[in-house]
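Asker: This structure is in structure tokens; I'll ask about it shortly.
The values are calculated or read from the model by the stated rules, or taken from the named source; none is laboratory data. For clarity, every value in this text was computed on a predicted model and none was experimentally measured. In this analysis, Cβ positions are derived from the backbone assuming ideal geometry, glycine residues included, and neighbour counts consider all displayed protein chains. For the accessible areas, the whole protein counts, side chains as well, though only heavy atoms, and no ligand, DNA or RNA atoms are used. Shrake-Rupley method; radii C 1.70, N 1.55, O 1.52, S 1.80 Å.
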Amino acid sequence: MSEQNGTIERVNTLIIGSGPAGFTAAIYAARAGLNPVLYTGAEPGGQLMITTDVENYPGYPEGVMGPQMMQDFQKQAEKVGTDVRYGTITKVDFSGPVHKAIIDADQEIEAHTVILSTGASAKWLNIESEQRLNGSGVSACAVCDGFFYKGKDVAVVGGGDTAAEEALYLSKLCPTVHMLVRRDEMRASKIMQDRVMKAENIKVHWNTETVEVLGDKLVDGVRVKNNQTNEESTIAIEGFFVAIGHKPNSDIFKGWLDMDEVGYVKTIPGTSKTNIEGVFAAGDLQDKIYRQAVTAAGTGCMAALDAERYLGEQGIV
Ligand code: NDP
């Protein structure tokens, strides 16, 4: 249910994005009687749609496929009354007390509160073999997929904190972790670098770039090049983890919201509040550290509760 202001629809709570954060916010907002409207964005379901087995989300003792889990989230959100719509918010205007958003470049909606849960996207090397073997040995999340490579040799690309963290995580499961670093030093914090250097089964390959991920149906190796000598070699691996950073999907909020230098939306610690009253952020859009489905869901819940409180304080509901 929504008010009509002339021809412009006005809702209590607009949720932008359809990953675990958005759907959890929707479940809480709908149950609180806020009649939320959720726009899915161009990739309904978010990053979990490109994940296979999820074994670390509590409540699924047998594990669950990522796409199935997102279908379940959506079903639950709709069952409690969320109006889920397929469309992408292409522009926002947070200048007034009532917030505005443009859907698919031509339709406008107004909202008293907006919950932003547009997520982040893993960066890829963008080479053909990486894309072809994605989900068949190529992954961008060691915590999600590392378990499937227990007892197998793997490679991690990148030299930042994420790569270091992924390599350390995998070093507890895999006999050898090959870390492919494109320069002669890492960008990761000193403490993380020290940990990597201390791990006996992490082999760092400096000045090393990926030429091709090898394998027909499943990864069985990687062809690398030393960018100082141009010498190429092959490393036998069964898992290839890309950890070269994430990009928060925050472009349309630039100019309105406080963000860090990479574009992660800043929230007031311990809350989902942004610098704009009535605008809340949840999930990977505002979290560059944990980035898990369960933490995204947790912050989605926080955003709905913060929105509900705000609407109450303003006397809107
Ligand atoms: P970063 O941008 O910090 O690092 C990316 C790494 O990937 C760099 O080593 C970079 O190399 C390398 N890289 C980028 N593109 C390519 C490419 N095409 N081929 C090969 N290598 C490439 O991203 P992170 O995700 O590691 O970290 C993002 C932020 O999150 C950082 O501020 C980090 O500190 C923080 N973080 C903190 C954690 C914690 O505190 N526990 C955990 C994870 C992240 P180069 O250096 O040459 O550019």
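Asker: What does the extension gain come out to for residue 268 and residue 134, with contour length at 0.36 nm per residue minus their alpha carbon separation? Walk me through the numbers on the way to the answer.
Answerer: Values: separation 134, 0.36 × 134 = 48.24 nm, distance 3.60 nm.
That works out to 44.6 nm of additional length.
Asker: Right, something else. For segment 155-206, how big is Rg over Rh, using alpha carbon atoms and the Kirkwood form of Rh? Present the calculation step by step, with values, prior to reporting the outcome.
Answerer: Values: Rg = 9.4 Å, Rh = 10.4 Å.
Result: Rg/Rh = 0.90.
Asker: In addition: Taking the Cα centre of each part, how many Å lie between segment 280-317 and segment 142-175?
Answerer: Rounded to whole Å, the Cα centres lie 30 Å apart.
Asker: Could you give the dipole magnitude of the chain about its Cα centre, charging the beta-carbon of Lys and Arg +1 and that of Asp and Glu -1, in debye to the nearest 20?
Answerer: Working: 29 positive and 42 negative charges, 94 e Å.
Magnitude of the dipole: close to 440 debye.
Asker: Ignoring GluC sites (Glu not before Pro) that are buried or in helix or strand per DSSP, and keeping those with at most 16 other beta carbon atoms within 10 Å, what is the longest stretch of the chain between them? Before the final figure, lay out the partial values.
Answerer: Numbers: sites that count: 55, 62, 185, 200, 231, 261, 277.
Longest run free of exposed loop sites: 63-184.
Asker: Now a separate question. Across segment 236-275, what fraction of all alpha-carbon pairs, as a whole percent, falls in each successive 10 Å bin from zero upward?
Answerer: Cα pair-distance distribution for segment 236-275, in percent: 24, 38, 19, 13, 6.
Asker: So how exposed is residue 218, as accessible area in Å² (1.4 Å probe, rounded to 10)?
Answerer: Only protein atoms counted, so the area is about 120 Å².
Asker: Can I ask one more? Of 28, 310, 39, which has the most accessible area with a 1.4 Å probe, and how do the rest follow in descending order? Don't skip to the end; give the middle numbers.
Answerer: Working: 28 105, 310 30, 39 10 Å².
Putting 28, 310, 39 in descending order of accessible area: 28, 310, 39.
Asker: Extent of the chain along each principal axis, from alpha carbon coordinates, in Å, largest to smallest?
Answerer: Principal axes ranked by extent give 67, 40, 34 Å for the Cα atoms.
Asker: Residues of the chain: accessible area per residue at 1.4 Å, in Å²?
Answerer: For the chain, the solvent-accessible area averages 49 Å² per residue.
Asker: Can you tell me, using C-alpha contacts under 8 Å and at least 6 residues apart, the relative contact order of segment 89-157 as a whole percent? Kindly include the intermediate steps, with their values, before the conclusion.
Answerer: On the way: 45 pairs, mean separation 10.9, N = 69.
After rounding, I find 16 percent.
Asker: So how far apart, in nm, are the two label points at residue 102 and residue 260 if each is 7 Å from Cα heading toward Cβ?
Answerer: Each label point is offset 7 Å from its Cα along the Cβ direction, giving 3.0 nm.
Asker: In what sequence, largest accessible area first, do 234, 271 appear using a 1.4 Å probe? Mind dumping the intermediate values first?
Answerer: On the way: 234 80, 271 35 Å².
From most exposed to least exposed: 234, 271.
Asker: Restricting things to alpha carbons, tell me how big segment 124-242 is in terms of Rg and Dmax, in Å.
Answerer: Values for segment 124-242 (Cα only, Rg and Dmax): 12.9, 38 Å.
Asker: Under a 1.4 angstrom probe, counting protein chains only, how are 192, 302 ranked by accessible area, largest first?
Answerer: The residues order as 302, 192, largest area first.
Asker: From largest to smallest, what semi-axes in whole angstrom does segment 231-297 give when each is the square root of 5 times an eigenvalue of its alpha carbon gyration tensor? Don't jump to the answer; show the numbers that get you there.
Answerer: On the way: eigenvalues 218, 43, 13 Å².
Three semi-axes, in Å: 33, 15, 8.
Asker: Loop-only check: which trypsin sites (Lys or Arg not before Pro) in segment 240-317 are DSSP coil with at most 14 other Cβ within 10 angstrom? Please list the in-between numbers first.
Answerer: Working: sites: 254, 266, 273, 288, 291, 309; in loops: 254, 266, 288, 291.
The qualifying sites are 254, 266.
Asker: While we're on this one: Ignoring ligands, DNA and RNA, what percent of the 1.4 Å accessible area of the chain is carbon and sulfur? Write down the numbers at each step before the final one.
Answerer: On the way: 7610 of 15430 Å².
Heavy-atom surface of the chain belonging to carbon and sulfur, 1.4 Å probe: 49 percent.
Asker: Let me ask something else. Using Stokes-Einstein with the Kirkwood hydrodynamic radius over Cα pairs, what translational diffusion coefficient do you get for segment 57-139 at 10 °C and a viscosity of 1.306 mPa s, in µm²/s rounded to a whole number?
Answerer: Details: Rh = 16.6 Å.
Answer, rounded: 96 µm²/s.
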